[in-house]
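**Q** Have a look at this one.
Here, each number is a calculation from the coordinates, and none is a lab measurement. What you see is a predicted model, and the numbers here were worked out from it, not measured in a lab. Note that we place each Cβ from the backbone using ideal geometry, even for glycine, and neighbour counts take in every protein chain shown.
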Amino acid sequence: MTTYIALLRAINLGAHNRIAMADLKKMLVKAGYVDPKTLLVSGNAVFSCGRSSCVQIEAALEAASTKQLGVTTDYFVRSAKEWQASIDANPFQKEAKADPARMVMMCLREAPSPAQVKALQAAIKGREVVKAVGTQAYFLYPDGQGRSKLTIAVIEKALGTRGTARNWNTVLKLGDLAQ
């Protein structure tokens, strides 16, 4: 059995794509996943299973979510080992320790090319900073995300792929939950 972390994209934002975490846990159990746990209401789950492909799990979860919960959304799945490697690969370790709420990790569907990352860096209008490592992008929002012009739409357009982000506090909590 391998432990996995799944992030749901764009749920429980206002009235959009509402999913109760208890219903998500029931869906995971019904789909055959073992010992599911959720964290916060933003769509974070940790569970175990014998399947070895994150891509297969993402597809299965997306289909189950549409069928059982009536919500069509993207899932981003990483094994606990991959998640820990992403934590270790954070190029902003010092900043993350000093102010984890202003540090964000985005899980991406595909790894962006260096040219795409450079295009995103060029599109930044404020003091935000971004670096990518594999299928993760790391962002510093020194002035906070609330008023930032570096939005998900800008990010996805420049990187040419979809993603979902969590602040560093949540990233670390999910890592602990997966242990």
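**Q** Any idea what angle helix 21-30 forms with the longest principal axis of the chain, computed on alpha-carbon atoms, 0 to 90 degrees, nearest 10?
**A** Taking the Cα atoms of the chain, the angle to 21-30 is about 50 degrees.
**Q** If we count every other residue with Cβ under 14 angstrom of Y75's Cβ, Lys/Arg +1 and Asp/Glu -1, where does the sum land?
**A** +4
**Q** Work out the P(r) tail for region 2-81: percent of alpha carbon pairs separated by more than 21 Å, whole number.
**A** Cα-Cα pairs in region 2-81 separated by more than 21 Å: 15 percent.
**Q** A further question follows. Can you tell me the length gained on complete extension of the stretch Q179 to L40, counting 0.36 nm per residue apart and subtracting the Cα distance?
**A** Length difference between fully extended and current span is 48.3 nm.
**Q** Once both axes come from the Cα atoms, what is the angle between helix 54-64 and the longest principal axis of the chain, in degrees from 0 to 90, rounded to 10?
**A** With both axes taken from Cα atoms, the answer is about 60 degrees.
**Q** What do you get for Rg/Rh over the chain if you use C-alpha atoms and the Kirkwood form of Rh?
**A** 0.96
**Q** Could you work out how far helix 168-178 tilts from the main Cα principal axis of the chain, as a 0 to 90 degree angle to the nearest 10?
**A** 30
**Q** Mind listing which trypsin sites (Lys or Arg not before Pro) in region 89-139 are in a DSSP loop and have 14 or fewer other Cβ atoms within 10 Å?
**A** Loop-located and lightly packed - K125, R127.
**Q** Counting only helical runs of four or more DSSP H residues, what would the 222 nm mean residue ellipticity of the chain come to if each run contributes -39,500 (n - 2.57) and the total is spread over all its residues?
**A** Rounded to the nearest 500, it is -10500 deg cm²/dmol.
**Q** Over 19 Å between Cα atoms, which of K97/K157; K81/K157; K131/K157; K81/K118 qualify?
**A** K97/K157; K81/K157; K81/K118
**Q** Would you mind ranking T2, T135 so that the residue whose beta carbon has the fewest other beta carbons within 10 Å leads the list?
**A** In increasing order of surrounding Cβ atoms, one gets T2, T135.
**Q** When every alpha-carbon pair in region 89-178 is counted, what percent end up more than 23 Å apart?
**A** Of all Cα-Cα distances in region 89-178, 16 percent exceed 23 Å.
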